[in-house]
Amino acid sequence: MGPQAKTEKVVHLNTMKFNINFFKYRFVAFLFSISLMGLSAFLFLTKNLNLGIDFKGGIMVEAKFSEAPNLAVLRDKIDKLQIGNSEIQEFGDSNTILFRLEKIDDSNMTQEQIIQKLKNELDDDTDYRRVEFVGPKVGKELKSIAIKAVFFSLIAMFIYIWFRFSGWQFGLGALVALFHDVLSTMGFFSLTQIEFNLASIAAILTIAGYSINDTVVVFDRIRENLVKTDRALEELLNQSINQTLSRTLMTSITTLLALLALFVFGGEVVKGFVSAMMWGVLIGTYSSIFIASPLILFFGFKKIEEKS
Amino acid sequence: MLKINKWNVFFVLAVCVTAIYYIIPNIYGKSEVTALPKFLSQKQVNLGLDLQGGSHLLLEVDTKSVLKEKSEDLVDDIRKSLRKSKIKYSNLGSKITGAVVTITDPEKITTAKNSIKENIEKGIQIEESKNKLNLFFSDQYIIDTRANTVEQSIEVVRKRVDESGTKEPSIQRQGEERIVVQLPGIKNPERVKALIGRTAKLNFHMLDPTTVELAEQRGKLPPGTFKALNSDPTAYEKQFVVKKRVLLTGERLKNAAATVDAQTGRYVVAFEFDKKGAKKFAKVTTDNTYQRLAILLDNKVISAPQIREPITGGQGNISGNFSPEAANDLAVLLRAGSLPAPIKVLEERTVGPSLGIDSIQAGKKALVIGFILVIVFMIIRYKAFGIVADFAIIFNIILLISMLSAIEATLTMPGIAGIVLTVGMAVDANVLVFERIKEEIRSGRSILNSIDLGYKFAIKTILDANFTTLIAALLLYNYGSGPIKGFAVTLSIGILTSMFTALILTKLIVTFWVLKLKPKRLYI
């Protein structure tokens, strides 16, 4: 023990010790979260999601022009083609235009003919960066696959946590927090009108994974403290959150830093995905601190010692 | 007690060697890699279509139309066999998968049944009720027919794609009646799509001397004829009256090629029949000299030449108003044969080469900058331990890429995003350990003891926390398609490698550092 005691004196701890009474704020947090979920549901119902062709079906063409085209003129040209409803927007820079065409079911034109018609209308030196077509059948299938994927992953996580922490209160607390994260992320998509596509589903599942990761770390500490101390449950929860807070914040920051780099430099294609992820990291961190853990108490979890 | 575990040292070294072994081939280009010595790995990370540019097509074979055709053929077979055995019948007609017929004399129903049975395929079953015969395809027959149709379609599509000069195409069956076609680096997807989608049924008929105008004046077509459009809408003759009887089909073709006609200087498609076809063609051209032949592709007339003399060599030219590409495409279609059923494009994703290159550049930039941001932050926060964690991140990326190469995974843009995300999330395991060590030190334990306990306590948390993320990633892999699958793959492997680097690699480094180098000061 001799040499160890010596080194101990020269340990330089970069301290970040927290002692915040999270429990005190639980009703404020609940109120905030309920309003957030309500707002998300409201936005989802009124503004709806800006569904991409992955789910809606249709044609999407990303074209880069040699010089910035006049959008109004372009819109006029496309309207004259009579190839169904179209949306035209800049994508990343003013030279790049994203066309989204709704494929009309009863028209006898195939999507190839529609794409060809559009291409004929544009300059020859146009660079077609992306051409995507999703038929209505596949769109429907992708939709049901997406719903299944999100549903099953929530259920799988719920079951895992239930068993791992031997208490349905833990599982349900995590599940409610997850639902909160997923719903508010949908609200985020509605509010920003960022295109909702397959990548958005990937974002939602990753957010769910990230959020549950945070939640598990806190739960794990609660479990450990339950064995170690015989403090009141409220105090114990608070202590556990505080003990893991510095880690929770650290990981959120490094993840956000990586996401920031992707947002700024990763290109237009992943921008929607990345911004949803950033929102998700924030909301996931918040929910594991303010929602998941207090809910365990709310659901009536009691220490085993108290019962016996 | 904290000590250097020999097995862990051995394990880490083994992982390092394996990682280097698998990462080496990625330095080389695709063609150079095959030239590497045999003892080296030749597996590389594949670039997804969204990064290298190319087309992804999801096709559906309309197998119902084949069953419908078979049902109609069945009606013909029934008619023939009943006529042959002179049995009177009524209400003969086809169903979606089968046919029905009513036998006028109920006593002859068994004779009728037996006579029909001789002339139909095995998988077709007959049920009798009163004087009605109900013929239907057995389930196995339907399954086999559909499977055969899809198999044949895949063959034809493969031939057409190969002939179009696409490099390294991938054509695979998906589900029951779908085909996934992947065409990396394709320059003109529209053309290949047009090639794939054509049924390309080539039929030789005779043209009826009646003109369309004359038929319209009379108000009806001559018996046994039909009206067919000209495939070239700009031509002078817009429509033709064609005799119904099919004289020859494209199945009898042995070869076809686009050439320039020596006399006219125009592009034509030269074709050659097989032996049987040549014989038939000779007979047709002998019997119908000076009349006009009608060559129909998918029920549109592509050429209607006059037969000037009997053609006995089995060779001929199709001369339409062809551009060089059109002549070439037609030759490709004729060589590859016709599709047994119509094909529909359900989904298409095409990425141009410029976007692919931009995406790779953007991905690299984001990775490097995200990486720098995270490592700087870690050093600020954890000092020397931060450097250890940074080392773990670097190792983590190397390990991740080497594992992607080992399984020859496909890297997509979302996949790159997954790697960048891993950089941010991979430090989590280390952060969990470091924070725990700090806590233990704070509670008054010795350094060695704290480090030991820090790892011990954190392991359980890390496993639990990562397992849930892995659940999300695996479901994403299961349900996702293409690029999204790529994301799920990098994310899952990233989680696994980060557990390894945090629990084994950095533990070893920290232990070695504290035990052997005995630092005078410890910053954490």
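Before moving on, here are some points about what is shown:
- B:Ser319 sits with roughly 70 Å² accessible to a 1.4 Å probe, with DNA, RNA and ligands left out of the calculation.
- Note on B:Lys167: lysines with a C-alpha under 18 Å away, same-chain residues under 8 apart excluded, are B:Lys30, B:Lys159, B:Lys187, B:Lys193.
- Entry note, chain B: the mean residue ellipticity at 222 nm calculated from DSSP H runs of n ≥ 4, each adding -39500 (n - 2.57), is -17500 deg cm²/dmol after division by the residues and rounding to the nearest 500.
- Long-range HN-HN contacts of B:Ala294 with modeled amide H, under 5 Å: B:His205, B:Met206, B:Leu207
- If you plug the beta carbon distance of B:Ala147 and A:Lys140 into 1/(1 + (r/R0)^6) with R0 = 22 Å, you get a FRET efficiency near 0.30.
- Judged by the ratio a/c of the largest to the smallest principal axis of the C-alpha gyration tensor, the stretch B:380-425 counts as oblate, that ratio being 1.5 or greater while a/b is no larger than b/c.
- Local electrostatic count, B:Thr259, Cβ distance below 13 Å [Lys/Arg +1, Asp/Glu -1]: -1
- DSSP H segments from chain A that extend 30 Å or more along their own axis, Cα-based, with Kyte-Doolittle mean of -0.5 or above: A:136-164, A:168-192, A:198-228, A:233-265
- Per residue accessible area in Å² of the stretch B:275-367, where ligands, DNA and RNA are left out and the probe is 1.4 Å: 48 Å²
- Expressed as a whole percent, the accessible surface of the stretch A:88-187 that belongs to carbon and sulfur atoms is 58, based on a 1.4 Å probe.
- Helix axis angle, B:63-84 relative to chain B longest principal axis, alpha carbon, degrees: 30 degrees
- A:Gln193-B:Ser481 FRET efficiency (beta carbon distance; Förster radius 25 Å; 0.05 resolution): 0.55
- Exposed-loop-free span, longest in chain B, where chymotrypsin sites (Phe, Trp or Tyr not before Pro) count as exposed if DSSP calls them loop and at most 15 other C-beta atoms lie within 10 Å: B:291-524
- For B:Leu522, distant residues with modelled amide H under 5 Å away: A:Val11, A:His12
- Estimated from helices alone, the mean residue ellipticity of chain A at 222 nm is -21500 deg cm²/dmol (sum of -39500 (n - 2.57) over DSSP H runs with n ≥ 4, per residue).
- Share antiparallel - DSSP beta bridges, the stretch B:13-158, percent rounded to 5: 100 percent
- DSSP-assigned coil residues among trypsin sites (Lys or Arg not before Pro) in the stretch A:12-75, each with at most 16 further Cβ atoms within 10 Å: A:Lys17, A:Lys47
- Using a probe of 1.4 Å, the accessible surface attributed to A:Met60 totals some 10 Å² when neighbouring protein chains are kept in position.
- Heavy atoms of B:Glu60: accessible area, 1.4 Å probe, square angstrom to 10: 30 Å²
- Per the accessible-area calculation with a 1.4 Å probe, the total area buried between chain A and chain B rounds to 6800 Å².
- 15 Å beta-carbon shell around B:Ser402, net charge (K/R +1, D/E -1): 0
- Compared with the dominant principal axis of the Cα atoms in chain B, helix B:482-500 is inclined by about 20°.
- Our summary gives chain A a relative contact order of 25 percent, counting only alpha carbon pairs under 8 angstrom and 6 or more residues apart.
- Residue-span extension gain [B:Val17 to B:Ser443] - 0.36 nm each, minus C-alpha spacing: 149.4 nm
- Each residue of the stretch B:342-358 is assigned a 3J(HN,Hα), and the resulting list reads x, 10, 10, 7, 8, 8, 9, 9, 10, 10, x, x, 5, 5, x, 5, 4 Hz, derived from the Karplus form 6.51 cos²θ - 1.76 cosθ + 1.60 (θ = phi - 60°), x at Gly and Pro.
- Note, ³J(HN,Hα) from phi for the stretch B:319-324, Karplus 6.51, -1.76, 1.60, rounded to Hz, x at Gly and Pro: 10, x, 8, 8, 7, x
- Computed 3J(HN,Hα) for the stretch B:102-110, one whole-Hz value per residue from the Karplus formula 6.51 cos²θ - 1.76 cosθ + 1.60 where θ = phi - 60°, is 10, 8, 5, 9, x, 6, 8, 4, 5, glycine and proline marked x.
- Euclidean distance between Cα centres, the stretch B:255-279 to the stretch B:26-79, Å: 31 Å
- Overall, the anisotropy analysis places chain A in the prolate class: the square-rooted eigenvalues a ≥ b ≥ c of its C-alpha gyration tensor yield a/c not less than 1.5, with a/b exceeding b/c.
- Using alpha-carbon coordinates, inclination of helix B:139-163 to the longest axis of chain B, degrees: 80 degrees
- Shape of the protein assembly as shown, Cα gyration tensor, a/c cut at 1.5: prolate
- Low-density loop positions, trypsin sites (Lys or Arg not before Pro), the stretch B:55-132 - DSSP coil, at most 15 other Cβ in 10 Å: B:Lys86, B:Lys88, B:Lys122, B:Lys130
- Contact order for the stretch B:152-308, expressed relative to its length and based on alpha carbon pairs under 8 Å spaced 6+ residues apart, stands at 21 percent.
- Applying both filters, DSSP loop and at most 10 other Cβ atoms within 10 Å, to the trypsin sites (Lys or Arg not before Pro) of the stretch B:205-236 gives B:Lys220.
- Under 21 Å from the Cα of A:Lys143 - lysines, other chains or at least 8 residues apart: A:Lys47, A:Lys56, A:Lys103, B:Lys344, B:Lys485
- Extension gain for B:Trp7 to B:Tyr236 (0.36 nm times residue separation, less C-alpha to C-alpha distance): 73.9 nm.
The values are calculated or read from the model by the stated rules, or taken from the named source; none is laboratory data. What you see is a predicted model, and the numbers here were worked out from it, not measured in a lab. Here the Cβ is made from the backbone with ideal geometry for all residues, glycine too, and neighbour counts use every protein chain on show. With ligands, DNA and RNA removed, areas are computed over all heavy atoms of the protein, side chains included. Shrake-Rupley method; radii C 1.70, N 1.55, O 1.52, S 1.80 Å.
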